[in-house]
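Heads up: the structure comes next, in structure tokens.
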Amino acid sequence: MAPQQSIIVILLILLFTIAASLPKEAQATALTPTVNRSFYFSGTSRPNSTLPGTLSNTPLTGPTISDNLSRAPTFFILPSFLLSSLSVSGLPTFTIWLSGNSSTPTSVQVQGVFSWRPLNGPWSNSTTLPVPCPIGRSPAGCTLNYVQPFALSLTFGTQIRVGINATIPAKMFVTMYWGEPSTPSFLLLPLSGYSSIGQVQILDWAGNAAASFNLNATKGQNIVLVEAPVTSAFGKEDVRSVNLTIVDSSGRPVSNAANIPFSQIPPISQPQQTYPFVAEWTYPSNLSEGNYQVWIDIVDIQGNVAYNLHGPFGFGLFKPGLHAIDLIPYVVGAAGGITAGAFYVKRRRRKEYLAPFDHFYTLTAGTFPQGTMVTVEGNTGAGKTLLTEQLMYDDLKAGRPCVFVSTADFPEKIRSGMRSLGLETESYESKETLRFVDSYSVEAGQPSQEKFYVSSSGDLTSLGVKISSAMSSPGESVSVYFDSLTPLAPRSKSESIVSFAQTIGAKARGSGGKIFFTVGSSLDELILRQLEEASDCIIQMEAFEEGGLRKRRMRIVKFRNRRFHEGWVTFTVEDNKGIIFYSRKSRS
């Protein structure tokens, strides 16, 4: 065998050995089990279709409440409409407690009614067959079953109501009881999909997106943060706990990383579709190098596991230095000839050129017309603020006045950041063609240095007034750059934020200007959906890890009445230049 052939054989054996030694990935699964949820009759006596009682997701402790079924059917309704979709799949069951005035036990025909009404739609009903319930002087339980299983999908905004009907002999009175542990009338409903988890973010100790972590990190920096947007059809109060478990590549839980509790951060008191949860794990330095997966489960208020997420989100733990996998290109390269050439062909990248920021307008097929509403979406570190700063600066250079609304950082830091990109604002501010509205400083514990400021971003009325005041002086055709809507969500109702954004957008567009909103990935889906529907243009941005390097990219996903470039475009950021695009076309 020739020497070069021997080398190739040896190196191929080495490659197979390395491949065999690589850890196998734990399988990724997301489970939405069917859970029997109890909804307890609660609330007022004499509940009817006009003034129904309520359905509670927790057992009641008293006092006992009763109603005369002889008079009319009783009704109980879920206090809030569904905040996300769910499925009813199986056989619902009513358990009710009844007594009567008859001296001898008497059977009474009783039916249960399950009703639902989609958002802005009519009520639909499903009724059990009549069940003969034995009625005596003392309260006794009676079960009402459905014969045909449900296969029902209920969407966001749906209302749920139940009713009890009875056919009662003349001169007989039948009383139903609820509200107390000894007489807990309730509906057992088989549900699935009522809780779920969205796009999980893995962050380092400083809050930056990360794909791998250093096992030799110093104390305080050996931290993995996991952000998980949790959706609950019945609201945050229905979530008892969200738990994090870190597993190794074989699917075994790490010893100090099982059932780590998530916290709801920032706290949100108003009902909304999605709630941000954060968990923190401090990893020891003696763990094995390799890939680790994130497992998350949601436990509802009744102790049921409502959702299991087993991957695919994860990260690597490594020590600095060269690893076996890193040697592969060098090993193959040493073989020379055909082997090295084949490897190069497989891995080589297409040639790319650097293009300045005005390349952005080739993606949008031109500048933004006055009167345009734009939404810029992206995860943490994607560059949303950078993009709006550069777009605003182009407006200023063209003589168009602008208002920058800052809810996520100090205005002075915005100025400093723009200055580092070569975007000087001082001359425009001195001419009052650029004005800042500060909705951050006071909440951060610092007095505002701006003429236009509010003490709380949750005070949407005051914020709207300040924005209007800032728009009134620079002149006509004022464009508003609002960075960002995301901090408003924990402090205001979803519908209030949507209404606020529409009002500010209408004012900017009505003046002949443009309106830009930035939003983070944790924003409530209801707000985002309505914002996207109202927008003329939607720009998506993303920070991600590839080959151990942090990268950023963007794409245009909507531009009303205009053809635009589709697909992701990567970019970088350079001092005194700002956003620089990677283009496959030379500008020469």
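Taking R0 as 22 Å, what's the FRET efficiency between Thr54 and Trp123 from their Cβ-Cβ distance, rounded to 0.05?
That pair, Thr54 with Trp123, gives E of 0.80.
So how far, in whole Å, is the C-alpha centre of the stretch 206-243 from the one of the stretch 154-178?
A separation of 44 Å, based on Cα centres.
Report, to the nearest 10°, how far helix 460-472 tilts away from the longest principal axis of the Cα atoms in the chain, using its own Cα long axis and a range of 0 to 90°.
Roughly 40 degrees, rounded to the nearest 10.
How much FRET efficiency would the formula 1/(1 + (r/R0)^6) give for Thr44 and Gln148, where r is the Cβ-Cβ distance and R0 is 45 Å, rounded to 0.05?
Once the sixth-power term is evaluated, E becomes 0.90.
Among Leu98, Leu129, Ala233, pick out the residue whose Cα is farthest towards the positive end of the charge dipole of the chain, where Lys and Arg carry +1 and Asp and Glu carry -1 on C-beta, about the Cα centre.
It is Leu129, whose Cα lies furthest towards the positive end.
Taking a ≥ b ≥ c as the square roots of the Cα gyration tensor eigenvalues, with a/c under 1.5 meaning rounded and otherwise prolate when a/b beats b/c, else oblate, which class fits the stretch 166-320?
Prolate is the answer for the stretch 166-320, as a/c is 1.5 or above and a/b outweighs b/c.
Under the definition of Cα pairs under 8 Å and six or more residues apart, what whole-number percent is the relative contact order of the stretch 353-583?
32 percent
When you count, for each residue, the other Cβ atoms within 10 Å and take the mean per peptide, how do 414-425, 303-314, 478-489 rank with the highest first?
478-489, 303-314, 414-425
Which order do peptides 551-561, 114-124 fall in by mean Cβ count within 10 Å, highest first?
551-561, 114-124
Provide the packing ranking of 538-545, 61-68, i.e. peptides ordered by the mean count of other C-beta atoms within 10 Å per residue, highest first.
538-545, 61-68
So what are the ³J(HN,Hα) numbers for the stretch 545-552, from phi and the Karplus equation (6.51, -1.76, 1.60; θ = phi - 60°), rounded to whole Hz, Gly and Pro as x?
Here the 3J(HN,Hα) series is 10, 8, x, x, 10, 7, 10, 9 Hz.
Could you tell me the extents of the stretch 353-583's C-alpha atoms along the three principal axes, largest first, rounded to whole Å?
Extents along the principal axes: 46, 40, 37 Å.
Please state the shape class of the chain: rounded when a/c is under 1.5, otherwise prolate if a/b exceeds b/c and oblate if not, all from the C-alpha gyration tensor.
oblate
Add -39500 (n - 2.57) for each DSSP H run of 4 or more in the chain, then divide by its residues: what number comes out at 222 nm, to the nearest 500 deg cm²/dmol?
Helix contribution divided over all residues of the chain: -5500 deg cm²/dmol.
How high is the FRET efficiency between Glu424 and Lys319 when r is their beta carbon distance and R₀ equals 45 Å, given to the nearest 0.05?
Efficiency for this residue pair is about 0.50.
Ordered by residue, what ³J(HN,Hα) values in Hz, to whole numbers, does the stretch 369-377 give under the Karplus form 6.51 cos²θ - 1.76 cosθ + 1.60, where θ = phi - 60° and Gly and Pro are x?
Karplus-based 3J(HN,Hα) across the stretch 369-377 equals x, 4, x, 8, 10, 10, 10, 10, 10 Hz.
Using 23 Å as the Cα-Cα cut-off, could you pick out the over-long pairs in Lys384/Lys551; Lys236/Lys493; Lys413/Lys577; Lys219/Lys319; Lys219/Lys413; Lys319/Lys413?
As for pairs spanning more than 23 Å Cα to Cα, those are Lys219/Lys413; Lys319/Lys413.
Can you give me the long-range amide H partners of Thr34? Hydrogens built in the peptide plane at 1.01 Å from N, cutoff under 5 Å, separation of 5 or more residues or another chain.
none
Kindly write out, for the stretch 524-530 in residue order, the coupling ³J(HN,Hα) from the Karplus curve 6.51 cos²θ - 1.76 cosθ + 1.60 (θ = phi - 60°), rounded to whole Hz, with x marking Gly and Pro.
Whole-Hz 3J(HN,Hα) from phi for the stretch 524-530: 3, 4, 4, 5, 4, 4, 6.
Relative to the longest principal Cα axis of the chain, at what angle does helix 384-397 sit, 0 to 90 degrees, rounded to 10?
Tilt relative to the chain: about 60 degrees.
Rounded to the nearest 10 degrees, what's the angle between the helix 494-510 long axis and the longest principal axis of the chain, both from Cα atoms, 0 to 90?
The helix 494-510 is inclined about 50 degrees to the chain.
Collect residues whose amide H, placed 1.01 Å from N in the peptide plane, falls under 5 Å from the amide H of Val478; neighbours closer than 5 in sequence don't count.
Gly513
Need the full-extension length gain, Glu237 to Ala72, defined as separation in residues times 0.36 nm minus the C-alpha distance. One decimal, nm.
56.1 nm
Which length gain, in nm to one decimal place, applies between Ser80 and Ser462 when the Cα-Cα distance is subtracted from 0.36 nm times their residue separation?
134.6 nm
Which length gain, in nm to one decimal place, applies between Trp568 and Lys219 when the Cα-Cα distance is subtracted from 0.36 nm times their residue separation?
Gain on extension, Trp568 to Lys219, equals 121.9 nm.
All of the numbers you see were taken from the coordinates with simple rules; none came from a lab. Quantities reported herein were computed from a predicted structural model and do not represent experimental measurements. Backbone-built Cβ (ideal geometry, glycine too); neighbour counts: all protein chains shown.
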